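J.: Attaching a single structure in C-alpha cells format; questions to follow.
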Amino acid sequence: MSESNMVIKSNDFYEEINYLGKFQLSDDESGFKSISPGGYFKFRLNDVKVKAESNLRGEIEYKIYDGKNDIPLNEEGKSIVSKAVHEMIYWGYDAEERVERVYQKGGSQALINEMDSVKPDFVKILYLNKLFSIDSLSSESKGLVVRKIKSLGSDMDKSQFISKITANQFKDSAVTAACFDIIRGMGSDMDKINSLHHIIDQDSLSSGSIIIILNLGNNMGSDMDKSNLYGELIGKGFIKDSLFDSLGVFVSIMRSDMDKINLYKKMLGLNTITENQYINLINQSTSLGSDMDKSNLLIEISKKMPRTEPIKAAYTKAAKTIGNDNDYGRVMRAQE
C-alpha cells in the first residue's frame with residue numbers, strides 16, 4: 001500500500017497530491033495500469049485537477065479538469081494525467097524501486113538527468129547513493145554527480161556525500177572544483193570544516209586548491225576554526241613557497257592573538273622560510289596587542305632567523321614597538 005497527503009502552497013502557487021492504494025504504472029509512466037479496488041489518486045496544480053479512482057471491481061474512473069472545463073481522457077486529458085503521475089513520482093512514489101528501474105533502463109546518465117526533476121532530499125539521496133556506488137563513471141559524469149550534491153537542502157547531507165569522495169576521485173579537477181563550490185555555498189561552518197578536513201586528508205592538493213581552502217577558512221566566523229584548519233595545512237606540509245606569504249596575511253587579520261601566536265609558531269617550524277618571509281613574520285608580530293605576546297613571539301623568531309642585516313633591522317624596528325622596558329630588553333638580548 002502507498003499513501004500520501006501533501007500540500008505545497010504560497011501566494012500564487014498551490015500543489016496537492018493525495019493517494020491511497022496499490023498502484024501499477026504504465027510502462028512509460030504516463031498513467032495507471034491498475035489501482036487496487038477502493039484506491040484513489042488526487043492531484044491539483046493551481047486550477048488543474050486530476051482524480052483517478054478505482055471502484056470495487058478495480059475499474060479506474062477519471063475526472064480531469066484543465067482549469068476551465070472538465071475534459072475526457074482524450075489526448076489532452078492523457079497529457080494532464082501524465083504530468084500528474086510524474087509529479088507523484090518526483091515527490092517520491094516508489095522511489096527505491098524506481099532508482100533501480102531508471103538505472104537498468106538508461107544507466108548512470110539517466111539517473112543524473114532524473115535528479116533535476118526529483119524534489120524531496122530523501123529521494124535525491126537515494127539517487128546519489130546509487131551513483132556513488134557505480135565504479136565505472138567517466139570523469140565527466142563524476143563531476144556532474146558531485147555537482148548534484150549542491151541541490152540538497154541540508155549542509156550536513158552535503159558534507160556527508162563529500163566525505164564519500166575518494167583520494168583517487170579528487171585527482172579529477174572537475175570533482176575538486178565542484179566540491180569547493182558546494183562548500184562555498186554552505187551556511188554551517190561546522191559542515192564546511194568537516195568537508196575541508198576530508199579534502200585535506202587526501203594528501204594530494206595543488207597550490208590552487210590550498211589558496212581556495214585558505215580563502216574559505218578566512219570567511220569562517222570562528223578564529224578557532226580558522227586556526228585548526230590552517231594548522232592542519234601546516235602539519236600536512238602543504239604550506240610552501242608563496243603559500244607561506246598568503247597564510248601569513250590571513251593569520252595577521254585574525255582577531256584572536258592567542259590563535260595568531262599558535263599559528264606563527266607553527267609556521268616557524270617550517271624548514272624553507274626565506275629572508276623576506278622572516279621579515280614578514282617579524283612585521284606581523286607588531287599587530288599583537290600585548291607587549292608580552294610581542295616579546296615572546298619575537299624571541300621565538302630570534303631562535304631560528306638568520307642574522308642577515310635586513311632581518312636584524314626589521315627585528316630591531318619591531319622591538320621598538322614594545323613599550324615595556326623589561327620585555328624590550330629581553331627581545332634585544334635574544335637577538336644578540
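The values are calculated or read from the model by the stated rules, or taken from the named source; none is laboratory data. Since this is a predicted model, take the numbers as computed values, not measurements. Here the Cβ is made from the backbone with ideal geometry for all residues, glycine too, and neighbour counts use every protein chain on show. Accessible surface areas use protein heavy atoms only, side chains included; no ligands, DNA or RNA. Shrake-Rupley method; radii C 1.70, N 1.55, O 1.52, S 1.80 Å.
J.: Is it fair to say Gly235 is open to solvent by 40 Å² or more (accessible area, probe 1.4 Å), among the small types (Gly, Ala, Ser) and touching a Lys or Arg at 6+ places or on another chain (Cβ under 8 Å)?
T.: Values: open to solvent by 40 Å² or more (accessible area, probe 1.4 Å): yes; among the small types (Gly, Ala, Ser): yes; touching a Lys or Arg at 6+ places or on another chain (Cβ under 8 Å): yes.
It is true that Gly235 is open to solvent by 40 Å² or more (accessible area, probe 1.4 Å), among the small types (Gly, Ala, Ser) and touching a Lys or Arg at 6+ places or on another chain (Cβ under 8 Å).
J.: Within the stretch 30-59, which residues are open to solvent by 30 Å² or more (accessible area, probe 1.4 Å), part of a loop (DSSP other than H, G, I, E, B) and touching a residue at least 40 places away in the same chain (Cβ under 8 Å)?
T.: Hit for the stretch 30-59 is Ser30, nothing else.
J.: May I ask you to list the residues in the stretch 1-28 that are part of a loop (DSSP other than H, G, I, E, B) and over 22 Å from Val102 (Cα atoms)?
T.: Asn11, Asp12
J.: Next question, about the same structure. Condition test on Met332, is it aliphatic (A, V, I, L, M), farther than 25 Å from Ser222 by Cβ, open to solvent by 20 Å² or more (accessible area, probe 1.4 Å) and in a helix (DSSP H, G or I)?
T.: In short, yes.
J.: Can you find even one residue in the stretch 258-278 that is part of a helix (DSSP H, G or I), in contact with a Leu (Cβ under 9 Å, 6 or more places away or on another chain) and open to solvent by 40 Å² or more (accessible area, probe 1.4 Å)?
T.: Yes, that holds for at least one residue.
One line per residue, one yes/no per condition, for (1) touching a helix residue (DSSP H, G or I) at 6+ places or on another chain (Cβ under 7 Å); (2) assigned to a helix (DSSP H, G or I); (3) more than 22 Å from Tyr19 (Cα to Cα); (4) not β-branched (Val, Ile, Thr):
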residue: Ser82; (1), (2), (3), (4): no, yes, no, yes
residue: His86; (1), (2), (3), (4): no, yes, no, yes
residue: Gly92; (1), (2), (3), (4): yes, no, no, yes
residue: Glu97; (1), (2), (3), (4): no, yes, no, yes
residue: Lys105; (1), (2), (3), (4): no, yes, yes, yes
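J.: Now for a different question. Take the residues in the stretch 238-255 that are closer than 12 Å to Gln284 by Cβ and not in a helix (DSSP H, G or I); name whichever of them is most open to solvent (accessible area, probe 1.4 Å).
T.: Ile253
J.: Say we look at the stretch 107-119 and pick out the residues that are open to solvent by 20 Å² or more (accessible area, probe 1.4 Å) and part of a loop (DSSP other than H, G, I, E, B); which of these is nearest to Asn18 (Cα to Cα)?
T.: Result: Lys119.
J.: Name the single residue, out of those in the stretch 37-69 being basic (Lys, Arg) and within 40 Å of the chain's Cα centre (by Cα), that is nearest to Tyr19 (Cα to Cα). Even if it seems obvious, please write down each step before you answer.
T.: First, pick out the residues of the stretch 37-69 that are basic (Lys, Arg): 42, 44, 49, 51, 57, 63, 68.
From what is left, the residues that are within 40 Å of the chain's Cα centre (by Cα) are 42, 44, 49.
Details: Lys42: 6, Arg44: 12, Lys49: 13 Å.
Ranking the candidates gives Lys42 first.
J.: Further question on the same structure: Across the stretch 124-146, which residue is most open to solvent (accessible area, probe 1.4 Å) among those that are of a type in the set (Ser, Thr, Tyr) and part of a helix (DSSP H, G or I)?
T.: Among those that are of a type in the set (Ser, Thr, Tyr) and part of a helix (DSSP H, G or I), it is Ser139.
J.: Still on this structure, please answer the following. Starting from residues that are free of Cβ contacts under 8 Å to residues at least 24 places away in the same chain and part of a loop (DSSP other than H, G, I, E, B), keep the ones in the stretch 207-237 and report whichever is farthest from Leu268 (Cα to Cα).
T.: Applying the filter and picking the extreme gives Asn219.
J.: Give the residues of the stretch 147-202 that are in contact with a helix residue (DSSP H, G or I) (Cβ under 7 Å, 6 or more places away or on another chain) and assigned to a loop (DSSP other than H, G, I, E, B), sorted by residue number.
T.: Leu152, Gly153, Ser154, Ser163, Lys164, Ile165, Asp172, Gly185, Met186, Gly187, Ser188, Gln202, listed by residue number.
J.: Related question: Does Asn168 qualify as being within 15 Å of the chain's Cα centre (by Cα), at pLDDT below 95 and open to solvent by 20 Å² or more (accessible area, probe 1.4 Å)?
T.: So Asn168 does not fit the description; no.
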